[in-house]
Amino acid sequence: MNGDIRMVLHGGRATVTGRRSDTGLYDFALATYDEGDAFDQSAARGFIEIYGLAAKQAAARAERLNG
């Protein structure tokens, strides 16, 4: 790991207020939903379907068992 961070120390708490690294993986264009962003938002639909499948199956099972 390399880079710099800015922190605020207050009342026994450390809060990161900024970070920078020349080799970091963070890309603002992938983390935002503004116009001109780099992330193809249509890809999220498939992820949501897969991620929610277990909850959907559990709800269907509960409905079958509880009438």
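FYI, it's all coordinate maths here, none of it is from the lab. This is a predicted model, so every value here is computed, not measured. Reconstructed Cβ throughout: ideal geometry from the backbone, glycine too, with neighbour counts over all protein chains shown.
Relative to the longest principal axis of the Cα atoms of the chain, helix 53-66 runs at roughly 30 degrees.
Here's the picture: charge each Lys and Arg Cβ at +1 and each Asp and Glu Cβ at -1 in segment 4-66, and of Ile50, Tyr26, Gly11 the one pushed furthest to the positive end of that dipole is Gly11.
Our helix-only sum for the chain, with -39,500 (n - 2.57) per DSSP H run of n ≥ 4 divided by its residues, gives a mean residue ellipticity at 222 nm of -11500 deg cm²/dmol. Extension gain for Glu63 to Thr15 (0.36 nm times residue separation, less C-alpha to C-alpha distance): 12.8 nm. Dipole magnitude for the chain: about 500 debye, using +1 per Lys or Arg Cβ and -1 per Asp or Glu Cβ, origin at the Cα centre. With a ≥ b ≥ c the root eigenvalues of the C-alpha gyration tensor of the chain, is it rounded (a/c under 1.5), prolate (a/b larger than b/c) or oblate? Note, shape of the chain comes out oblate.
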